[in-house]
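Have a look at the structure below, then the notes.
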Amino acid sequence: MIDVDKLILGFSNSESVIVPAWKPPEYMELMVRLSRKQHPNVCYVGAASGDDPRRMIDFKALCERVECTASWLRVFHMTTDHPAAYFDGADVIYVDGGSTRNLLALLREWDAIDALVAAYQRGVLIAGASAGISMLFEQCISDSVRTKIRPVRGIGLLPGTVCAHYNAREERRDVLRSLVNTDRNALPAYALDDGVAALFVNGRLSRSYTIVEGARLHEFVVRGDSVEHLVQTP
């Protein structure tokens, strides 16, 4: 078996991916390029927002614009309970945003996390926005309970901590900074402003992108006895 690079592409917010018809589909085009396929099959996972049919319609229209095929893992309307079949034929798996805790609970209940990890190991591009990227780390900063922002355990496909929507609410920044300054196990940590995407190759940050002027990727790493805050310019 030929080894292939294992790719994860994370977006801070779903709105930067699933864009209206008048906006260039830059991030969808990026997913297609990274898929290594001319006309990839992109499997949409919308469990975090309750398999909202309107989101699926918008996603299908987006796929048509960039000449890829849309498929679905619909946990509220399952047609099989065999995890090995969940992502059959998928070249990209896109996990959309919503409630991180609900997403994790639903995917665990259906054994879809094991299927996701298996797809990643065989070279399928895993892409996620908001909750979709948050669940992939060891832990994330989440507001699944809207009145409380706190760390939530993820599946650990990527090491460390991630915080989406970093520039959206001051409380997110406060919680992440407190965490990385008190718990070295939380590092490395990555914080994405809305509009930012981050590419991880074989578990390591490779590069960042932005479609919003001034939006940045923030990286927190240990340097000696202190935590250093690095700002990546896409």
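We did not get these values from a lab; they are worked out from the coordinates using the rules stated. Please read all numbers here as calculations on a predicted model, not as lab measurements. Cβ: placed from backbone, ideal geometry, glycine included. Neighbour counts: every protein chain shown.
Could you give the longest part of the chain that holds none of the trypsin sites (Lys or Arg not before Pro) found in DSSP loops with at most 16 neighbouring Cβ atoms within 10 Å?
170-234
Return 57, 149, 141 ranked ascending by Cβ neighbour count within 10 Å, so the fewest neighbours appear first.
57, 149, 141
Among DSSP beta bridges lying fully in the chain, give the percent that are antiparallel, nearest 5.
Within the chain, antiparallel bridges account for around 55 percent of the total.
On the principal axes of its Cα set, how long, how wide and how thick is region 77-234? Give whole Å, largest value first.
Taking the Cα atoms of region 77-234, the three principal extents are 48, 33, 31 Å.
Please label the shape of region 32-132 as rounded, prolate or oblate, based on the square roots a ≥ b ≥ c of the eigenvalues of the alpha-carbon gyration tensor (a/c under 1.5 means rounded; beyond that, a/b larger than b/c means prolate, else oblate).
Oblate, because a/c is 1.5 or more while a/b does not exceed b/c.
Magnitude of the Cβ-charge dipole of region 7-232, K/R +1 and D/E -1, about the Cα centre, nearest 20 debye?
Computed about the Cα centre, the dipole is about 200 debye.
Calculate one ³J(HN,Hα) per residue across region 204-210 by plugging θ = phi - 60° into the Karplus curve 6.51 cos²θ - 1.76 cosθ + 1.60, and present them in order as whole Hz with x for glycine and proline.
Going residue by residue, I get 10, 4, 9, 6, 10, 9, 8 Hz, with x marking Gly and Pro.
Taking residue 37 as the anchor, which lysines have their alpha carbon closer than 25 Å to its alpha carbon, excluding any fewer than eight residues away along the same chain?
Within reach: 6, 23, 60.
Apply the Karplus curve 6.51 cos²θ - 1.76 cosθ + 1.60, θ = phi - 60°, to the phi angles in region 103-115 and return the couplings in whole Hz, x for Gly and Pro.
Per-residue couplings from phi come out as 4, 4, 5, 5, 5, 5, 4, 9, 6, 7, 5, 4, 5 Hz.
Report, to the nearest 10°, how far helix 53-65 tilts away from the longest principal axis of the Cα atoms in the chain, using its own Cα long axis and a range of 0 to 90°.
Computed tilt is about 80 degrees.
Rounded, prolate or oblate: pick one for region 1-81, where a ≥ b ≥ c are the square roots of the eigenvalues of its C-alpha gyration tensor, a/c under 1.5 means rounded, and failing that, prolate if a/b is larger than b/c, else oblate.
Cα axes put region 1-81 in the oblate bin.
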